[in-house]
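Heads up: the structure comes next, in structure tokens.
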Amino acid sequence: MNTPPSRGRTWLAAGGGTVLGAVLAVGLLVGLGWSADGSAASTSGELALPDTADGLRLQDVVMEEVSDRPADELLAQGRAEAAELLSASRGGAPAAAQTYADDELETRVTVWAVADESPSLWSAVESDALAESMRTKTPFEWVERGDTAEDGSTVECLLRATNPAMQDSDQETEAHVQECQLVTDGVTLILQGGNLDSIDRPVAILRDVASNLEQD
């Protein structure tokens, strides 16, 4: 399936947007010892994400430099609690998270890591027939994959059309990355945020994080 190029956009959303949605559920679920298999979450083992990711640095560090104020501890706590929820959803597998940003805070992404392998990404609406029915040039969502590495792993990203182009128009479909993941060495890395319109940067970020990930 050929997907048309998309115009770049700058993301100016709040830095905690990728974590706060999960925080409200964490206290109840993890506090009750919930996990995917119904057992209490295990805390054995650790994952440690690097301080940089393909040129991006920790968002907390960048924000302190830009605003000359301490990092928001609640955002860090929310990210940690959401990582606990991710761990609990995988039967207590070790999990961690970091949010990265460029020096202008124009690109911000959160990378999640969990010591568990995940199935491939998919979309229920990645259908040429559905696109034909709706008379759009592309499906509303589709999965794009990067090059396969020597270890056989592939970064895959789910893209969503933010402005679908109709078949009889000269317009190009605008899309942005919803989520990307890389499964390698028994670990799943998940990238969210950034409002990126190409998989090139997520591929580079996830590959860099994977090569510098520490496991105990």
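With the convex hull drawn over the C-alpha atoms of segment 38-128, the volume per residue is 154 Å³. Ellipsoid semi-axes for segment 157-216, based on the Cα gyration tensor and the rule √(5λ), read 31, 9, 8 Å when sorted largest first.
To the nearest 20 Debye, how big is the dipole of segment 145-198 about its Cα centre, given +1 on the beta carbon of each Lys and Arg and -1 on that of each Asp and Glu?
The calculated dipole for segment 145-198 is roughly 200 debye.
Close amide-amide hydrogen proximity is noted between Gln178 and Leu158, Leu159, Arg160, each under 5 Å apart and 5 or more residues distant or on a separate chain (H modeled in the peptide plane; Pro and chain starts excluded).
Here the mean projected area of the convex hull built on the C-alpha positions of segment 89-132 is 5.6 nm².
Computed over all pairs of different Cα atoms, the Kirkwood value for the hydrodynamic radius of segment 91-182 is 15.6 Å.
To put it simply, the accessible area of segment 67-190 at a 1.4 Å probe is 44 percent carbon and sulfur. Taking amide H atoms as placed 1.01 Å from N in the peptide plane, the amide H of Ala71 has no partner under 5 Å among residues 5 or more positions away or on other chains. Rounded to the nearest whole Hz, the Karplus-based 3J(HN,Hα) values (6.51 cos²θ - 1.76 cosθ + 1.60, θ = phi - 60°) of segment 203-210 follow the sequence 4, 5, 5, 5, 5, 5, 5, 4, with x at glycine and proline. Mean separation of Cα pairs under 8 Å and 6 or more residues apart, divided by the residue count, gives segment 76-151 a relative contact order of 19 percent.
The values are calculated or read from the model by the stated rules, or taken from the named source; none is laboratory data. None of these values were measured; they are calculated from a predicted model. Methodologically, a virtual Cβ is constructed for each residue, glycine included, from the backbone with ideal geometry; neighbour enumeration extends over all protein chains shown. To get the accessible areas, we keep the full protein, side chains included, count just its heavy atoms, and leave off ligands, DNA and RNA. Shrake-Rupley method; radii C 1.70, N 1.55, O 1.52, S 1.80 Å.
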